[in-house]
Each structure stands twice: as structure tokens, then as C-alpha cells.
Amino acid sequence: KNEVEQSPQNLTAQEGEFITINCSYSVGISALHWLQQHPGGGIVSLFMLSSGKKKHGRLIATINIQEKHSSLHITASHPRDSAVYICAPAGYSGQNFVFGPGTRLSVLP
Amino acid sequence: DTGVSQDPRHKITKRGQNVTFRCDPISEHNRLYWYRQTLGQGPEFLTYFQNEAQLEKSRLLSDRFSAERPKGSFSTLEIQRTEQGDSAMYLCASSSSGRPSFEQFFGPGTRLTVL
């Protein structure tokens, strides 16, 4: 079993739809990153969270440490949201992130 | 600019040659990380530094790979005797060990192609 799993692997949505990407992990963690990677490789940190819920604009991330599960939601999706979304739990010392395989999102106009 | 920078952005080399990449972290960050990413995969951890000390190395980092951060600021990643399997995007990230801790900021990456 992989340490970090994401679902779905690929997702195509129509503009305006509500998107949910899930991340499950088997390792004990102190915090979890959600990252966005656009074609061409650049990675942007979206969220770093260790409990509860965080919101930035149309993005919402939640985490349940006990259930070892996190979700990333995108409200009112837009074609510019098209990217690969990666979750990366961090161990208790925080330095070694294990990256999920990513979810490739395509939002069609 | 206060972001993480990497140089070069692209490198094409012939098998057997040595290559060196540089990463300049965000200036106040004491932690620096190197990752490798192959097409269609998530990044894989290679190594990380806190200040000038290399604290952890992945088993992915064979003896052909070496990383340094001599003054606790910029870092270099050298690959000796490159192989075609080394072709990948090499990503650098930095973070602060202070609270709120560990959020990593990524550079644009160096794309290596070994012919």
C-alpha cells in the first residue's frame, strides 16, 4: 500500500462546478501540504494545515488527523484551475514530505 | 525577488558527463530541500539541509549524487557520470524551521535531459 493516495487520479469538470480532491495517508504526520503544479513544472504551495480547515479564496482544505484524510475543495471552478494537485504529508519533525501521485484536474470552459 | 531560484532552468547533457545545479533559497529560510520529479509522478525527496548541515538523504541519492550547502545559503546538487535514468526535473524548496513551520516554497526546477 502506498503511503499517500489521492483520488481521483484524473478529473474533468465544467467551469463553475464544485471540485473535491481526496488524500489519504498511512504515516503519522505533523502537517500536510496541498500543492498546485501547472504544466511546465512550477509548484505553488496552496495550504499547509495540521488540523481543521483553511480557506483561501475559492479553495478550501480540510484535514482529519485521526482518520488520516484530507480534502481539497474548489468552488466555482475555472479553466485556470486546471493543474495537478498534490498532497504531501510531513512527518513529525516536519522535514521529510512524502508526496502523493497527484490529481490532474482539467476544467473546461 | 524573494522567491526560490534555480539555475540552470534546463540542462541537456550526454551520458557520462557531470552536471551541477544551483539553488538559492529564500534568504531567511534555514531549511533547503532537493527533490526529483519524473514525468507523471509526484516529487521524490532526495535530501535536505538545515543551515549547512545535511541532515537526511534518501536512498535514491546514489553515490553519483552529492549535495552541498557550504555557507548555509545556496546549495548545489552534482550528478557525476550521468545516466539516461537521471533525466528528470530537479526541484529545490526552502522553509523556515520556526513556527508556523515547515511550509515549503518551491523553485521553478531544473529540467535535466541526458542523451
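Quick look at the values:
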quantity: At most 13 other Cβ within 10 Å, DSSP loop - GluC sites (Glu not before Pro), the range A:1-65; calculated: A:Glu3, A:Glu15
quantity: Charge dipole (the range B:1-78, unit charges on Cβ, about Cα centre) - positive-most of B:Ile12, B:Ala53, B:Ser27; calculated: B:Ile12
quantity: DSSP-loop GluC sites (Glu not before Pro) across the range B:7-78, with at most 14 other Cβ within 10 angstrom; calculated: B:Glu28, B:Glu52
quantity: A:Thr20 versus B:Ser97: modelled label distance in nm, points set 7 Å from Cα along the beta carbon direction; calculated: 4.0
quantity: Charge dipole (debye, nearest 20) of chain B; +1 at Cβ of Lys and Arg, -1 at Cβ of Asp and Glu; calculated: 320
quantity: The protein assembly as shown, dipole about Cα centre (Lys/Arg Cβ +1, Asp/Glu Cβ -1), debye to the nearest 20; calculated: 160
quantity: Reachable lysines, given that their alpha-carbon falls under 18 Å from the alpha-carbon of A:Lys53 and they are not under 8 places away in the same chain; calculated: A:Lys68
quantity: The range A:1-32 residues near the modelled A:Leu108 label - backbone nitrogen below 11 Å, point 7 Å along Cα→Cβ; calculated: A:12-15
quantity: Using a Förster distance of 30 Å, the FRET efficiency for A:Ser45-B:Gln84 (Cβ separation, nearest 0.05); calculated: 0.45
quantity: Projected label distance in nm at A:Thr12 and A:Arg80, using a 7 Å step from Cα toward the beta-carbon; calculated: 2.4
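Every number in this text was worked out from the coordinates using simple rules, so none of it is lab data. Computed from a predicted structure; not experimentally measured. No Cβ is skipped: glycine too gets one built from the backbone with ideal geometry, and neighbour counts run over all protein chains shown.
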